[in-house]
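Enquirer: There's a structure below that I have some questions on.
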Amino acid sequence: MHLTQDLELFPEHSVTQLLFSDVRNCAELRKMAVEGQIPGALINPSMVLDPFQTLAAANKAVHLQKNGKMKTRSLYSEIIFSLSPTNNISEAFKRFGISDGDNAVLIVLVHNREDVLDKDDIVSNVDGQQIPADQMSTICDIAKIKKLYKVTPQEEKCGSVLDAVICRMAAKDVV
Amino acid sequence: MAHMEPVNNKPAVSQFLQQAVLIKQGAEARVYRGRFLGKSAIIKERFQKLYRHPALDEKLTRRRTAQEVRSILRCRKAGIDAPVIYFVDYTTNCIFLEEIIDSVTVREHIASAQASGQSVEALYGLADTIGKILAKMHDEDVVHGDLTTSNILLVKGKEGRDGKLVLIDFGLSYISALPEDKGVDMYVLEKAFLSTHPNTEALFERLLKSYTASSKKAPAVIKKLDEVRLRGRKRSMVG
Ligand SMILES: Nc1ncnc2c1ncn2[C@@H]1O[C@H](COP(=O)(O)OP(=O)(O)OP(=O)(O)O)[C@@H](O)[C@H]1O
Ligand SMILES: [Mg+2]
């Protein structure tokens, strides 16, 4: 169900992604995250095309944390911010964070590679249906993603929408 | 993650690169092959030049890294193939790029075609495509700054289908609409092309013809190219 990927650049860390549909308690989950009771980033999966997109965001957030260069207050908010194509923080949270009325959530956890992650504890907090994490492509909103990241039709000739999104995320500090 | 220590003495990227495979050691950059989030990646590390003043060096190195990122994005947005940028580390000036799989440099391709005794005509299609892509790049006002046949990758097409070309190495690139800048870009290519590949004057002519036919703005560039050539010749006559 979940996906775990090691961060090659930070060998002590791994990223685990859990995806849920038919979620009925997003308001409660959001409150728990704000209070630090959920050790992860709660992401709106309609804006995520592929697990690689969130992995790239997590890698960047860990990198900035290690260098003391985060733009937000925590690693988890930095993951959400890193997904955004712009440097507007509140805009990033609005688009990529979850809202109280949402019915799906992607939870991204950064943990020590060796640690046995207490996934059950996290899963039990979600009043919803866990689905395979790589199925985000089936619930994301491609049209909205293309619009937000300003993916051009020409660009799709030389690569996928995911390629375009990854480039925007990686390049946003210099454009 | 409270137990994550915020500062590490040696940058993670430097430690990572010690295990990556060095594929090219250049004057300004080292190029490695490695893995990034499960994908095969090319990592380009721009290192310090000891003879340059450290503060100036840091600024130049950072600018090249940023330019490479900007121009790749600009090209891709216009539908010109360049590697996907996975991640940029501005503290060590490393760029993590998509590895262009099953590719050879145009340099290698032309060299092996020549070595196997192929006629120059067999390479005309390639020259046409290069001309077209460079015209498109210049139409986006991207001046590459280091056009050589090593900085264009050729992905061989499968089962008789046409291959595609991917532009790389944008560290010296910049944005300019001036025909003069684009003319110098083509001049750099011409010099590199003819010195790397002997007896390819006709092939390069073909490339220029395709370039000219591909853009309304090309004739002005070619005019500048002629001027730059003339200047180059005068300079070499003076010695
Ligand atoms: N994305 C890529 N995919 C596959 N091979 C690549 C890629 N990028 C670079 N290479 C290979 O590595 C070589 C060197 O790369 P590149 O031209 O970017 O560096 P460089 O010439 O050392 O840079 P500089 O001119 O700034 O010193 C290329 O000629 C090519 O063979
Ligand atoms: Mg090169």
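The values are calculated or read from the model by the stated rules, or taken from the named source; none is laboratory data. Given the structure is predicted, the values throughout are model-derived calculations rather than measurements. With ideal geometry, Cβ positions are generated from the backbone for all residues, glycine too; neighbour counts draw on all protein chains shown.
Enquirer: If B:GLY79 passes every condition in (1) outside any strand (DSSP E or B); (2) within 18 Å of B:ILE168 (Cβ to Cβ); (3) within 14 Å of ligand 1 (Cβ to nearest atom) but one, which one does it miss?
Expert: (3)
Enquirer: I've got another one for you. Can you tell me which of B:GLU45, B:GLU68 is within 16 Å of ligand 2 (Cβ to nearest atom), touching a Phe, Trp or Tyr at 6+ places or on another chain (Cβ under 8 Å) and not in a helix (DSSP H, G or I)?
Expert: Exactly one residue qualifies, and that residue is B:GLU45.
Enquirer: Can you name the residue in region B:157-189 that is within 16 Å of ligand 2 (Cβ to nearest atom) and acidic (Asp, Glu) and, of all such residues, is surrounded by the fewest Cβ atoms within 10 Å (Cβ to Cβ)?
Expert: B:ASP169
Enquirer: Right, something else. Before we move on, is A:ILE38 crowded, with 20+ Cβ neighbours inside 10 Å, within 14 Å of chain B (Cβ to nearest Cβ) and part of a helix (DSSP H, G or I)?
Expert: So A:ILE38 does not fit the description; no.
Enquirer: Further question on the same structure: Name the residue that is surrounded by the fewest Cβ atoms within 10 Å (Cβ to Cβ), counting only residues in region B:208-239 that are without any contact (Cβ under 8 Å) to a residue 24 or more places away in the chain and not in a helix (DSSP H, G or I).
Expert: B:GLY239
Enquirer: May I pose another question? Output the residues belonging to region B:136-177 that are more than 14 Å from ligand 1 (Cβ to nearest atom), of a type in the set (Asp, Glu) and in a loop (DSSP other than H, G, I, E, B).
Expert: Within region B:136-177, B:GLU140, B:ASP141, B:GLU159, B:ASP162 qualify.
Enquirer: Please work out which residue is farthest from A:PHE20 (Cα to Cα), limiting yourself to region A:128-171 and to residues that are free of Cβ contacts under 8 Å to residues at least 40 places away in the same chain and more than 14 Å from chain B (Cβ to nearest Cβ).
Expert: Only one residue fits best here, namely A:LYS147.
Enquirer: Name the residue that is surrounded by the fewest Cβ atoms within 10 Å (Cβ to Cβ), counting only residues in region B:101-110 that are touching a residue at least 60 places away in the same chain (Cβ under 8 Å) and either within 13 Å of ligand 1 (Cβ to nearest atom) or among the basic types (Lys, Arg) (or both).
Expert: B:ILE101
Enquirer: If I ask for residues that are modelled with pLDDT of 90 or more and out of contact with any strand residue (DSSP E or B) (no Cβ under 8 Å at 6 or more places or on another chain), which ones from region A:101-120 would you list?
Expert: A:GLY101, A:ASP102
Enquirer: Next question, about the same structure. Would you tally the residues in region B:192-207 being assigned to a helix (DSSP H, G or I) and surrounded by 15 or more Cβ atoms within 10 Å (Cβ to Cβ)?
Expert: 7
Enquirer: With region A:45-103 as the region, which helices (runs of 4 or more DSSP H) entirely inside it contain at least 3 residues that are within 14 Å of chain B (Cβ to nearest Cβ) and within 19 Å of B:LEU37 (Cβ to Cβ)?
Expert: Result: A:51-66, A:75-83.
Enquirer: What's the number of the only condition in (1) within 7 Å of chain A (Cβ to nearest Cβ); (2) buried (at least 24 other Cβ atoms within 10 Å of the Cβ) that B:PHE87 fails to meet?
Expert: (2)
Enquirer: If you go through region B:102-135 one residue at a time, how many are of a type outside the set (S, T, N, Q) and not in a helix (DSSP H, G or I)?
Expert: The qualifying residues number 3.
Enquirer: Would it be correct to say that B:GLU121 is surrounded by fewer than 19 Cβ atoms within 10 Å (Cβ to Cβ), modelled with pLDDT of 95 or more and of a type outside the set (Val, Ile, Thr)?
Expert: Considered against the rule, which asks whether it is surrounded by fewer than 19 Cβ atoms within 10 Å (Cβ to Cβ), modelled with pLDDT of 95 or more and of a type outside the set (Val, Ile, Thr), B:GLU121 comes out as no.
Enquirer: Hey, another quick one. Are any residues in region A:108-121 within 14 Å of chain B (Cβ to nearest Cβ) and outside any loop (DSSP other than H, G, I, E, B), and if so, which ones?
Expert: A:VAL108, A:LEU109, A:VAL110, A:HIS111, A:ASN112 - these are the residues of region A:108-121 that are within 14 Å of chain B (Cβ to nearest Cβ) and outside any loop (DSSP other than H, G, I, E, B).
Enquirer: Across region B:28-61, which residue is surrounded by the most Cβ atoms within 10 Å (Cβ to Cβ) among those that are within 27 Å of A:SER14 (Cα to Cα) and either among the hydroxyl-bearing types (Ser, Thr, Tyr) or not assigned by the TED database to the domain that holds B:THR92 (or both)?
Expert: Checked region B:28-61; the qualifying residue surrounded by the most Cβ atoms within 10 Å (Cβ to Cβ) is B:TYR32.
Enquirer: Given the options B:ILE101, B:ILE110, name the one that is more than 8 Å from chain A (Cβ to nearest Cβ), β-branched (Val, Ile, Thr) and away from ligand 2 (no atom under 16 Å from the Cβ).
Expert: Matching residue, one of B:ILE101, B:ILE110: B:ILE101.
Enquirer: Another question, then. Working only within region B:60-79, note down all residues that are more than 8 Å from chain A (Cβ to nearest Cβ) and within 16 Å of B:ASP139 (Cα to Cα).
Expert: Answer for region B:60-79, where residues must be more than 8 Å from chain A (Cβ to nearest Cβ) and within 16 Å of B:ASP139 (Cα to Cα): B:SER71, B:ARG74, B:CYS75.
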